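Here is the structure we will look at.
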Amino acid sequence: MSISVASDVREAREKYVSMGVATPPLVVDAAEGSRVRGDDGRWYLDWAGGIGCQNLGHGPSAVVAAIHEQVDRYLHQCFMVGMYEPYVEVCRRLAAAFPGPGDAYKSVLVNSGAEAVENAVKIARAATGRPAVIAFERAFHGRTLLTMSMTSKVAYRRTFGPFAPEVYRSPLSVDGLRALLKSEVDPESVACVVVEPVQGEGGFHPLPPEFPAALKTLCAAHGILYVDDEVQAGVGRTGPMWAIEHYGVQPDLLVSGKSLGGGLPLAAVTGRPALMDAVHPGGLGGTFGGNPVSCAAACVVLDTVAAPGFRERSEALGVQLRTGLDTIAMDSDAITDVRGLGPMLALELVDGAAAAAVVAAARARGLILLTCGLDGNVIRLLPPLTMSDEDCTFGLEILHAALREAAH
Ligand code: PLP
């Protein structure tokens, strides 16, 4: 049986899909490795990766093979109806990869980054018996009611209030947090801080080098849990499995998502059993959380990123990208900063209009880019970490040409 399709995807999108979901003019009809093909038959180099979900590129053969194999075994089960191996295997791998000593860690699997952040807050509240949550300026944690309340950008919050209670916003500094704990919220009522190791949507700002350790010390002094939101920066995006590894800090709970499922929906919360088991049986879960097919993909993703050589290759890519961006920046008055961590890099431009013009010019030349930042003025690079040196050079050339074109 063939599925009937609309003759014009753009037209049908206008008619049937909510305008609340923003889309660029691109219609994708195939994807492979570091490229996607538009409906005009043109192949584009993809440095967006479905917003950071393709750290291994599109359709990596081992991931696709594991998905096919799982599809032939069984699809949905629901872990609350019958347990199954792929779910447990993902949790076993997440325990081995946790940025702390040993492998005595437990996980819960869910469908999206926002759902995972929500569950991390639930676990922190259950474990501490406290209600309050602290998020930071420029944070992005998702689009559900609680995570939107934790997100620090009006464009994601406009018209959607009232917001969830007991969410407090701190400047990204220990002094700022200390002041908040005096002026706004009693530290004794705070369950957790939630912080991205590299702020993603907020503009690709890595945490200042000393901040995570100082934050951990301050949290520990007040019995506040440190929740590390690695949804965008994790699964190898900055080189090591988790971006927090750059800082040598052990979080209490770690939230992962995006590339974890290799292109399928999967996210997780991982932490010590004393925290993860503080929730009563039945308090966590969900119909599709830890779907067997997503889990089969995630096992291969985690094995690939943990394998020797992956980090070295990603870091080499990071050096190549950084060198290229620094060179481009010397040639452009529109660029005000080059920043990031490892291969998770971005160019900050003078304003959002300049960034949008570069993204459009790059797309016309065959390179897909995304912006981020409070003003939409940051061009973030989320290429597959598996791309070749040639694709890296090619993408940098297009970016450079697009910047020149947009300047005129
Ligand atoms: N946390 C961070 C740091 C993110 O970057 C995102 C998404 O971009 C989320 C949470 C929310 O993830 P999802 O869109 O899968 O709900």
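The values are calculated or read from the model by the stated rules, or taken from the named source; none is laboratory data. Just so it is clear, the model here is predicted, and its values are computed rather than measured. A quick note on method: Cβ atoms are made from the backbone with ideal geometry, for glycine too, and the neighbour counts reach across all protein chains shown. To get the accessible areas, we keep the full protein, side chains included, count just its heavy atoms, and leave off ligands, DNA and RNA. Shrake-Rupley method; radii C 1.70, N 1.55, O 1.52, S 1.80 Å.
Numbers at a glance
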| read-out | value |
| --- | --- |
| Boolean, Thr287 is closer than 22 Å to Ala114 by Cβ, among the hydroxyl-bearing types (Ser, Thr, Tyr) and in contact with a Lys or Arg (Cβ under 9 Å, 6 or more places away or on another chain) | no |
| Test: residue in the stretch 388-397 that is in a loop (DSSP other than H, G, I, E, B), within 21 Å of Thr23 (Cα to Cα) and touching a residue at least 12 places away in the same chain (Cβ under 8 Å) | no |
| Filter pass, Ala116 being of a type in the set (A, V, I, L, M), near the ligand (Cβ under 9 Å from one of its atoms) and either surrounded by fewer than 24 Cβ atoms within 10 Å (Cβ to Cβ) or assigned to a loop (DSSP other than H, G, I, E, B) (or both) | no |
| Strands (runs of 3 or more DSSP E) fully within the stretch 188-290 counting 2 or more residues that are over 28 Å from Arg322 (Cα atoms) and within 12 Å of the ligand (Cβ to nearest atom) | 267-271 |
| Leading residue by the ranking (farthest from the chain's Cα centre (by Cα)) among those in the stretch 1-37 that are among the β-branched types (Val, Ile, Thr) and outside any loop (DSSP other than H, G, I, E, B) | Val9 |
| Members of the stretch 168-187 that are in contact with a strand residue (DSSP E or B) (Cβ under 6 Å, 6 or more places away or on another chain), surrounded by fewer than 22 Cβ atoms within 10 Å (Cβ to Cβ) and part of a helix (DSSP H, G or I) | Gly176, Leu180 |
| Residue match in the stretch 128-135 (condition: closer than 24 Å to Ala243 by Cβ and either open to solvent by 10 Å² or more (accessible area, probe 1.4 Å) or more than 13 Å from the ligand (Cβ to nearest atom) (or both)) | yes |
| Whichever residue in the stretch 376-408 is charged (D, E, K, R) and closer than 23 Å to Glu315 by Cα and, among such residues, is surrounded by the fewest Cβ atoms within 10 Å (Cβ to Cβ) | Glu390 |
| Subset of the stretch 139-160 (residues that are within 15 Å of Gln199 (Cβ to Cβ) and more than 11 Å from the ligand (Cβ to nearest atom)) | Ser152, Lys153 |
